[in-house]
Structures are given as structure tokens and as C-alpha cells.
2 protein chains.
Amino acid sequence: MLFSQEKEQKIKQLSAHALRQIIRRNEFNDNTSGYAQGKVQGNIVILPQDWAGDFLQFCQMNPKPCPLIGMSTMPGDFLLNDLGQDIDIRTDVPGYRLFEYGQLKHEINDVKALWRDDLVTFVLGCSFSFEESLIADGIEIRNISENKNVPMYSTNIACKTAGRFSGDTVVSMRPMLAKDAIRAIQICSRFPSVHGAPIHFGDPSLIGINDINTPDYGDRVTIKTNEIPVFWACGVTPQLALTKSKPPFCLTHSPGKMLVTDINNSTLAIL
Amino acid sequence: MLFSQEKEQKIKQLSAHALRQIIRRNEFNDNTSGYAQGKVQGNIVILPQDWAGDFLQFCQMNPKPCPLIGMSTMPGDFLLNDLGQDIDIRTDVPGYRLFEYGQLKHEINDVKALWRDDLVTFVLGCSFSFEESLIADGIEIRNISENKNVPMYSTNIACKTAGRFSGDTVVSMRPMLAKDAIRAIQICSRFPSVHGAPIHFGDPSLIGINDINTPDYGDRVTIKTNEIPVFWACGVTPQLALTKSKPPFCLTHSPGKMLVTDINNSTLAIL
């Protein structure tokens, strides 16, 4: 869906709640980056109760790639009032993906027709929150200044296995000068629920990345002279684990089309 | 002065106050690293009142290399009770240096004979405090494991000028794996009064260091494969500024022979 610049600007001014209302009416199905600024956006994973216990444990054992910021209070419940006024997870995300046995089956705009009484919703923090804090501190985020998706890479850093869930960590990469990387480590350490501090910087081969210019997901960004690649644990990690563990039914958000909550990013800061 | 291993071990068990007593009696004139563990040790600068104002401003404008943790309450006062029971700055440091017009004149064991009514004492935090926290976290500190002085380098990072004081920043270097460097940045950020977070890592030439294997002060240490040099602002910085600004009279501690205070390192943590 393409908007006129004027309409896009108007939608960017909407509150998180108002934005969710037009998403619910299928009047907005775009990426949510840059909308409802200052509010936490979340990755979504919806699983049958039978698989939810293992996934919850996977998140708790791998908090850096899978930082859990909310979940439904009981199976079948599609309201997430703790995260925002009147959130209905069946309709309030701009795009969903249906996976069956680890295979992507459909991209859809709402999941009302697919809803079941045994579904458990997980909401995981996303990097939009810490990028906002870094930009506010004057640090350039290359994927934003180049208007690209952040480059992401599979690594050889194994997640801790939880029941049927296992896999390697996926990382996102932002190139920076060392002095900005030091500041970014300080700022991101305050936000453990949105991936926290970087997990690596410098030589990509040390974490199993062969070619920094060929990301496994997202786009390539420019790495300037004197800049160092800085790597954060990434929310694509649980999607990789889901592909590997092959639950018969799973719903996720479509990449970039996040759940916009009413929670202020600043409230995620631990200090 | 060389002690038997047995005597050295006994002295290492002494409280900070008891250690200062034997220093005062000239029964201990050694480096203080490893003694009175858990207590803050400080760099000493003593200047005539006429020069003290400029130096105080230099410290306040350059807190990373010159983190002020205490000073005498009035000119001529040689007691520093805020930093420890009964501290007499004229006698309680194991070794002093006398500088005249920026030139080293003598190394002496006490400065009672040189004391004047116009002298102002400054105590600056030192890296021993954060090294202790890093080791407690399981990070290897190469200069300690190799039993060497930390390597230090002049850089091209200018300090802010304050009155007659100016100069470039001196840095200390500790090689680490990236994951340990990230953790070290987190830990040291909690300790701004002992140099705080590193100011650079990686390529030494970016801060004007031509040869990492030839430190300007201290000893060379091993940098292992996959390790990155991590650079902290260093307490030698004010000594370099003193050499440059050439006050007619200045006393400092001798390198490695610090004032041992009664303050717990942990109390310096800001969070």
C-alpha cells in the first residue's frame, strides 16, 4: 500500500492506539518503522499451547535474541491489554505470516479466520526501541540514514536448547566508529528487553560470518573507513528456531510489520 | 625494598590504615598494587595555591583522564580525613616525586621537609579500582597476568585547556576479546571516578599511536590472536600536563606507589 507523502505524514502523527485502529480496518498494511514514535514495537510469535511452554523456555534461556516483553494471559486470549488499550492480536498487526511445519504458507492481513482456542501469543522486543535512543544521542544508524533494512547474518553462536526449540543466533549489524560503539554499548545496556548490549564487534569471521557484504537477511549497508561492524542479537533468531523445530501451526508478524504498543520506549530502560 | 614472600603476604593482609602506618614509618616503600585489596588507591598531585585553581579546572574539564576523588579542604592542610582515618599526605604515600618547573628533581620517601602553607593536595582515581572489578567478573587483565606495568601511550586526543594546563591524553591499553571488551565497557561505565568507560578500541593509529608494541610508558604486553586493544584514559595525563605547564613547584606520587585510602572500591560505583 502506497500513501501520498501528505497522508503518510498524517499517519505518522497518529497515536499508537489510533494507528492500530486503521491497521485493524485494513487501511494500513505497511512497515511500522517510524510510526508512533517513542512507543515500543514488538515481534509476534503465536503458537498452540502444546508448543508454547517450550517456546517460553527458549525465550527465557536466550533473552538477548528473544527478549519477551509480553504474552497472552491464557490460551485463546487475543487481547493484550497490558501492552496497549484494546489490542486485539488477531487484527492489530499490519501483516502476518502463517507457518505450517516450519514452512511459510501465506502472508495475510488478519488472522481472525485462523484463530483457535489453544493459541498463545508472545511479544518480543525489537531494535527500533534502542535505535531511537542511539539517534537521540547523535549516533548515526546507517540502515536508517540509507533507508534500508538492517543487515542481518546467521552466526555460529548456538542458542541454548529448550525442548523442541534450538538454533543459532541471528545478529543485526550497524557500522560505527569505536567511540560511538562504546556509547552504543552503554546506551543499549540500559535496554535488556530490546536485545540489550551488542554481542560482538570487529572481525565478523569470529562469529561465523564469512562475508559482511552479503547479509543473510535485510540489506547491505555502507561500512565507511575506520568504522567497525557492531553486532546485536536479533529477533529473527526465534523465527529461525521455529523453521527448524517445525511446529504444525505458527503465526508471526511479517518482517518490519510490528505490533505497535502503547508502552513508552523509555520505560524499558532499567536505569 | 624487597620482602620475603612470607612478610609480603602478611603486609597484603593489612588494613589500609595499618598499611599507611608502616608506610609512614618508612617500613614499606614498594608499589601498592595488590595491597589493601578492595580499597581505592589514588594518584597524588600537590601544587601551590597559585596553581591549584587552574589544575582543579583542568580536572573538572577532563574528568576521564583526571577523575578527582578528593582534595585538601584548605591550602596547607596535610590531613585528608575524608579519604581515610588519620591520612597525612606528607608521609603516607610510599614514594614521592618533586618537580621544579616541570623537571623531575628527586624521588623521596616523605615530603615533611618540603611542606608549605600554600600547598593544595589533589587525589585522582586510578585504574586499580576498575581492574579489580573486571577480574572479579572473570576478565583477564593482561598486565596483571603477565606481572607487568600496564602499557601506556601518548595520543593525539587533546585535553581541554584550563588556564596554564593543557596537553594530550595518555591512555592505558588492555587487550581483550570483543565479548570481554563489551563487558568491560559495561563494568567501567559504572566507575566514572576511576577513568570510566574506555575511550577507544581497535586501530591504534586512529588516536595517534604508531606502534602498539612500543608503549611510551609502562611495559609491552602480549596481544593474542583475535584480541582487540582497548584504551582507557590514564592518570599519567595530568603528569604530562604538569611537565608542559612547568609550575615552579609540584609534588606527585611515584608511579605505582599510590595513596591507599579507606574507601571501598564498590562505593565508587554510580549504579
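So what is log10(I(q)/I(0)) for the protein assembly as shown at q = 0.13 1/Å, when the Debye sum runs over its Cα atoms only?
Values, matching the q order: -1.16.
Along the Cα→Cβ direction, 7 angstrom out, place labels at A:GLN37 and A:ASN156. What is the inter-label distance in nm?
It is 4.2 nm.
Compare B:SER254, B:SER127, B:SER145 in a GNM of chain B, Cα atoms joined below 10 Å, and give the one with the largest fluctuation.
B:SER145
Over chain B, what is the relative contact order in percent, taking alpha-carbon pairs closer than 8 angstrom and at least six residues apart?
Computed value for chain B: 30 percent relative contact order.
Based on alpha-carbon centroids, what's the gap between the stretch A:104-130 and the stretch B:11-48 in Å, whole number please?
62 Å
For the stretch A:210-271, report the convex hull volume of the alpha-carbon atoms normalised per residue, in Å³, without decimals.
179 Å³
Under 5 Å between amide hydrogens, which residues at least 5 positions from B:GLY208 or on another chain qualify, with H placed 1.01 Å from N in the peptide plane?
Under 5 Å from the amide H of B:GLY208 lie the amide H atoms of B:ASN156, each far enough along the sequence or on another chain.
Lone cysteines in the protein assembly as shown, defined as no other cysteine's Cβ under 4.7 Å from theirs: which are they?
So, A:CYS126, A:CYS159, A:CYS188, A:CYS234, A:CYS250, B:CYS126, B:CYS159, B:CYS188, B:CYS234, B:CYS250.
Loop only by DSSP, 16 or fewer other Cβ within 10 Å of the Cβ. Give me the trypsin sites (Lys or Arg not before Pro) in the stretch A:1-103 that pass, ordered by residue number.
Here the sparse-neighbourhood loop sites are A:ARG25.
Residues with amide H under 5 Å of A:ASP219's amide H, sequence separation 5 or more or different chain, H placed in the peptide plane at 1.01 Å from N; which?
Amide H neighbours of A:ASP219, under 5 Å, 5+ apart: A:ASN149, A:VAL150, A:MET152.
I'd like the trypsin sites (Lys or Arg not before Pro) in the stretch A:168-271 restricted to DSSP loop residues with at most 16 other Cβ atoms within 10 Å, sorted by number.
A:ARG220, A:LYS224
Using a Gaussian network model on chain A with a 10 Å cutoff between Cα atoms, which of A:THR161, A:THR121, A:THR222 fluctuates the most?
Checking each option, the largest mean-square fluctuation is seen for A:THR222.
Could you give me the ³J(HN,Hα) list for the stretch B:143-152, computed from phi with Karplus coefficients 6.51, -1.76, 1.60 and θ = phi - 60°, whole Hz, x at Gly and Pro?
4, 7, 5, 9, 6, 10, 6, 4, x, 10
Based on Cβ point charges of +1 for Lys and Arg and -1 for Asp and Glu, what charge dipole magnitude is obtained for the stretch B:181-271 about its Cα centre, in debye rounded to the nearest 20?
160 debye
Report the FRET efficiency, 1/(1 + (r/R0)^6), for A:ASN26 and B:SER205, where r is their Cβ-Cβ distance and R0 is 51 Å, rounded to 0.05.
The value I calculate is 0.35.
On full extension of the chain, what length is gained from B:ASP118 through B:THR73, given 0.36 nm per residue of separation minus the C-alpha to C-alpha distance?
My answer for the length gained is 15.0 nm.
What does the helix-only formula give at 222 nm for chain A: each DSSP H stretch with n ≥ 4 adding -39500 (n - 2.57), the total divided by the residues, and the result rounded to the nearest 500 deg cm²/dmol?
-7000 deg cm²/dmol
Apply the Karplus parameterisation 6.51 cos²θ - 1.76 cosθ + 1.60, with θ equal to phi minus 60°, to every residue of the stretch A:261-268 and state each ³J(HN,Hα) to the nearest whole Hz, in sequence, with x for glycine and proline.
After applying 6.51 cos²θ - 1.76 cosθ + 1.60, I find 9, 8, 7, 6, 3, 4, 6, 7 Hz.
So for the pair A:THR222, B:LYS224, with labels modelled 7 Å out along Cα→Cβ, what separation do we get in nm?
3.8 nm
Could you give each residue of the stretch A:31-41 its phi-based ³J(HN,Hα) in whole Hz, using Karplus coefficients 6.51, -1.76, 1.60 with θ = phi - 60°, and x for Gly or Pro?
Ordered by residue, 3J(HN,Hα) equals 4, 9, 4, x, 9, 6, 4, x, 9, 5, 10 Hz.
Based on alpha-carbon positions alone, could you give the equivalent ellipsoid semi-axes of the stretch A:128-238 from the gyration tensor, as √(5λ), descending, whole Å?
In descending order the semi-axes read 22, 17, 13 Å.
None of the figures in this text is laboratory data; all of them are computed from the coordinates on show. Predicted, not measured: the structure shown is a model, and the values here were computed from it. Glycine gets a Cβ as well: all are built from the backbone with ideal geometry, and neighbour counts include every protein chain shown.
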